[in-house]
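Everything on this sheet refers to the single structure shown next.
The values are calculated or read from the model by the stated rules, or taken from the named source; none is laboratory data. It should be emphasised that the depicted structure is a prediction, and the values quoted were computed from it without experimental measurement. We place every Cβ from the backbone using ideal geometry, glycine too, and count neighbours over all the protein chains shown. Heads up: the accessible areas ignore ligands, DNA and RNA and are worked out on the full protein's heavy atoms, side chains in. Shrake-Rupley method; radii C 1.70, N 1.55, O 1.52, S 1.80 Å.
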Amino acid sequence: MKKKLQWLFLAALAVFALAQLANPDRTNPPVVAGRDLFAVRPPPPEVATLLRTACTDCHSHETRWPWYSRVAPMAWLVAHDVQEGRAKLNFSDWPVTDPARAARKFGNISDVVDSGEMPPKKYTAIHRDAVLTATQRKVLVDWAEAQSAALKSETSGTKQ
Ligand code: HEC
C-alpha cells in the first residue's frame, strides 16, 4: 500500500514536471504611444487608476504576470485569459484610426462594467484591490459613455 502511494506520488510529480515544459507565451509586446489609449486619449487620473488596477492585466500589453503564471497548470489559465482578453479589447492596440469602432468598444466597456461582468470574479478573488465599488463602477461607466458619445458625434459630423 505504501509503495503504491509512493509510485502514485512520483507519477504525479512527473506529470507536474512535464507540464512545466508546455510553457505558454507570456510576453508583453511593446507599447507604442500612437496606439495606446492612455497616450492617445488620456482618461482622467481616477479612471486611469481604475483601469490599471482592474483591467490592464488582461486588456493591454502591460500585463503584470504573477508568480503563479509561471507554474502549470495555472500558467495556461492565466495566459489563456490574457490572450482572449487582449483579442477582445486591447488598450495598447486601440482602434485609433477607426472612431466608430472605438465608440463601440467604449459602449462595450460601459456594458460589462455596469453589469458587473468585468473584472471577472476569478480575477477579483485573487486581486482584491480590483473589486469595484458601485461608485467606482459609475465613474468608469460615465467615462466610457461620454467617450462613446463624443466619438459618435465626431464620426457623424454633427459637431457644429
Ligand atoms: C482576468 C482577466 C480580465 C480582467 C482583469 C478583465 N477582463 Fe475583460 N475580458 C476578459 C476576457 C477573457 C474576455 C473575453 C471573454 C469574455 O467576454 O468573457 C473579456 C472581455 C471583455 C470585453 C469584451 C466583451 C465583448 O463581448 O466584446 C470588455 C469590453 C471587457 N472585457 C472590459 C473589461 C474591463 C473594462 C475590465 C476592467 C474593469 C476588464 N475587462 C477586466 C478578461 C479580463
(request) Could you check the simple spin-label distance between TRP7 and VAL96, using points 7 Å along Cα→Cβ, in nm with one decimal? (result) 6.2
(message) Nearest 10 degrees is fine. How inclined is helix 45-54 to the longest principal axis of the chain, computing both from alpha carbons?
(response) 30
(message) Under 10 Å, Cα contacts only: if you run a Gaussian network model on the chain, which one of ASP81, ASP25, ASP36 comes out with the highest mean-square fluctuation?
(response) ASP25
(request) Report ³J(HN,Hα) in whole Hz for each residue of the stretch 7-15, in order, from the Karplus equation J = 6.51 cos²θ - 1.76 cosθ + 1.60 where θ = phi - 60°; Gly and Pro get x. (result) 5, 4, 4, 5, 5, 4, 4, 5, 4
(request) Ignoring everything but the protein chains, give the 1.4 Å probe accessible area of GLU117 in square angstrom, nearest 10. (result) 110
(message) I want to check the label-to-label distance for ALA150 and THR135. Put each point 7 Å from Cα in the C-beta direction and report it in nm to one decimal.
(response) 2.4
(request) For the chain, with a Gaussian network of springs between Cα atoms less than 10 Å apart, report the residue from PHE16, PHE38, PHE91 with the top mean-square fluctuation. (result) PHE16
(message) Using only the heavy atoms of the protein chains and a 1.4 Å probe, how would TRP65, TRP76, TRP143 rank by accessible area, largest first?
(response) TRP76, TRP65, TRP143
(message) If you count only protein heavy atoms and use a 1.4 Å probe, how large is the accessible surface of TYR68, to the nearest 10 Å²?
(response) 40
(request) Can you tell me the dipole magnitude for the stretch 2-156 around its Cα centre, using point charges on the Cβ only (Lys, Arg +1; Asp, Glu -1), in Debye to the nearest 20? (result) 840
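What is the calculated FRET efficiency for THR49 to GLU117, with r their C-beta to C-beta distance and R₀ = 30 Å, to the nearest 0.05?
Values: r = 21 Å, r/R0 = 0.69.
Efficiency for this residue pair is about 0.90.
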(message) Excluding same-chain pairs closer than 8 in sequence, count the lysine pairs in the stretch 2-156 whose Cα atoms lie under 23 Å apart.
(response) 12
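Quick one: accessible area per residue over the stretch 50-160, 1.4 Å probe, rounded to a whole number of Å²? Don't skip to the end; give the middle numbers.
Working: 6240 Å² over 111 residues.
Per residue, the stretch 50-160 has 56 Å² of solvent-accessible surface.
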(request) Multiply the residue separation of HIS127 and ASP25 by 0.36 nm, subtract the distance between their alpha-carbon atoms, and state the gained length in nm to one decimal. (result) 34.5 nm
(request) Could you please state how large a percent of the accessible area of the chain is carbon and sulfur, counting protein chains only and using a 1.4 Å probe? (result) 63
(request) Would you mind calculating the gained length between GLN83 and ALA33 on full extension (0.36 nm times residue separation, minus the Cα-Cα distance), in nm to one decimal? (result) 15.9 nm
